[in-house]
Amino acid sequence: MYGDAHRALVRSGDWREHVDLHTHRCMTEDTELELAFLASVARHAGVDAPIAQGLLAIAGAVPGRDLREGPRTLHAGLDPLSREALRERLAHGA
């Protein structure tokens, strides 16, 4: 939130956010889906992404599984494609 609005809202007692790392969107969406996809694309392209890989390894300790092998990674379905075949699929679809 902008300026002091967040601080004022928290102080008022009208806003509380329970953060459960197992279900919070930062873990379920941002990390497990988006960051895992980005890291898998980097791996497929042969680009080193040590920070993304490291964050995924650390975050994977929360649910107790390897987030680098999640449902939205290239490994889950597109990884066997060559770079050229992947480029074609992205440009023209199925």
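Among the candidates E17, E29, E34, the residue that is at pLDDT below 75 and among the acidic types (D, E) is uniquely E17.
If you go through region 61-80 and keep only what is surrounded by 11 or more Cβ atoms within 10 Å (Cβ to Cβ), aliphatic (A, V, I, L, M) and either closer than 15 Å to E32 by Cα or at pLDDT 80 or above (or both), you end up with V62, L67, L74, A76. Under the condition of being among the small types (G, A, S) and over 12 Å from L74 (Cα atoms), which residue from region 29-60 is surrounded by the fewest Cβ atoms within 10 Å (Cβ to Cβ)? Per the stated criteria, the residue is G46. Within region 68-94, if we keep just the residues that are over 21 Å from the mean Cα position of the chain (by Cα) and aliphatic (A, V, I, L, M), the residue that is nearest to L56 (Cα to Cα) turns out to be L81. For beta carbons closer than 8 Å, sequence separation of 6+ or different chains, a first residue in region 37-65 that is free of Cβ contacts under 8 Å to residues at least 40 places away in the same chain and a second that is part of a helix (DSSP H, G or I) and loosely packed, with under 11 Cβ neighbours inside 10 Å, the qualifying pairs are A45/R83. The C-beta contact set for region 70-94 (first residue touching a residue at least 12 places away in the same chain (Cβ under 8 Å), second residue of a type in the set (D, E) and open to solvent by 60 Å² or more (accessible area, probe 1.4 Å), distance under 6 angstrom, 6+ apart or interchain) comprises H75/E69.
The values are calculated or read from the model by the stated rules, or taken from the named source; none is laboratory data. It should be emphasised that the depicted structure is a prediction, and the values quoted were computed from it without experimental measurement. Don't worry about glycine lacking a Cβ; one is built from the backbone with ideal geometry, like all the others, and counts go over all protein chains shown. Surface areas here come from the heavy atoms of the whole protein model, side chains and all, with no ligands, DNA or RNA. Shrake-Rupley method; radii C 1.70, N 1.55, O 1.52, S 1.80 Å.
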